[in-house]
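> Below is a structure I'd like to ask you about.
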Amino acid sequence: MREPLQTEEFEQELFELIQRLLPVDGIRFSIYAPWAQLKQERSSDHDLDGMMRDYTKKYWALDPMHPSHYEDSDQVVICNSQLMNNEEWSKTEILNKFYQPNGYFHNCDMFLKQKNRIVAVLSLIRKNASTPFTKTEINLLRHTQPFIEYCLGKIYISERVHNRSSLIEEYNLTAREVDVIEIALTGVSNKILCRHLGISLPTLRTHMQRIYSKVDVHSNAELISKLSKYTP
């Protein structure tokens, strides 16, 4: 298991690094995969914690910068100013329903990957509409991303990668089946599981039937009990 002090130090050092590189009004670091919106990690202030709880419950599906849109992309840094101009951004639901009511306007996300899959997101936000993230700042973040990704792998991800590999090898599972298992092990409902994997209930049932057969169980309760050692 990872040491709490070690991870807290990593997050604190990460926030201080970003604040030295460029001005921001808030920073959020979160583990994305596999329990994408089920676990909040750390924000630069308490107000952001509450804001991001609302995001995970209501607004993530409105977000054009949500990591699910970039799983198969080489993009590692994405900002609203890259996607559209201020006038277009001002008309988006995510801005009007989420960012602006919380006093923010601009957002920039850094995606951190392991084995070509997004596993964490570093989000930077600004309040002033007249101070978008510039091309120079975006390039600076892109050049910094590989080092942050390396540190992340050393501190956060090694256990998860080991667990995924062990599940795949022990039960002959596919990567997608492991995605399902990892979220199922958190004990959430099938409705929430479907929403966060972006699949229908019939598709989920098909996955679960195959998983039950491979793991030799007959229910979610048996699955959770048998694979509890893999619980994140």
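The values are calculated or read from the model by the stated rules, or taken from the named source; none is laboratory data. All of these numbers come straight from a predicted model, not from anything done at the bench. Backbone-built Cβ (ideal geometry, glycine too); neighbour counts: all protein chains shown. Heads up: the accessible areas ignore ligands, DNA and RNA and are worked out on the full protein's heavy atoms, side chains in. Shrake-Rupley method; radii C 1.70, N 1.55, O 1.52, S 1.80 Å.
> Please count how many residues of region 38-94 are closer than 14 Å to Cys108 by Cα, in contact with a strand residue (DSSP E or B) (Cβ under 8 Å, 6 or more places away or on another chain) and not in a loop (DSSP other than H, G, I, E, B).
Selection size over region 38-94: 6.
> Can you find even one residue in region 85-103 that is in contact (Cβ under 8 Å) with a residue 24 or more places away in the chain and within 19 Å of Leu141 (Cα to Cα)?
Looking through region 85-103, none of the residues is in contact (Cβ under 8 Å) with a residue 24 or more places away in the chain and within 19 Å of Leu141 (Cα to Cα).
> Where in region 100-206 are there helices (runs of 4 or more DSSP H), lying fully within it, with 3 or more residues that are open to solvent by less than 40 Å² (accessible area, probe 1.4 Å), of a type in the set (S, T, N, Q) and modelled with pLDDT of 90 or more?
In region 100-206, no matching helices (runs of 4 or more DSSP H) lie anywhere.
> Just the residues that are open to solvent by 20 Å² or more (accessible area, probe 1.4 Å) and either of a type in the set (Ser, Thr, Tyr) or within 20 Å of the chain's Cα centre (by Cα) (or both), please, taken from region 83-99.
Leu83, Ser90, Thr92
> Continuing with this model, one more query. Among the residues of region 91-119, what is the count of those that are within 20 Å of Ala61 (Cβ to Cβ) and aliphatic (A, V, I, L, M)?
The number of residues fulfilling the criteria is 3.
> Only residues that are open to solvent by less than 80 Å² (accessible area, probe 1.4 Å), of a type outside the set (Val, Ile, Thr) and without any contact (Cβ under 8 Å) to a residue 12 or more places away in the chain: list them for region 207-221, please.
Matches in region 207-221: Tyr212, Ser219, Ala221.
> For region 27-49, check the following and say yes or no: at least one residue is touching a residue at least 60 places away in the same chain (Cβ under 8 Å) and open to solvent by 50 Å² or more (accessible area, probe 1.4 Å).
Yes, region 27-49 has at least one match.
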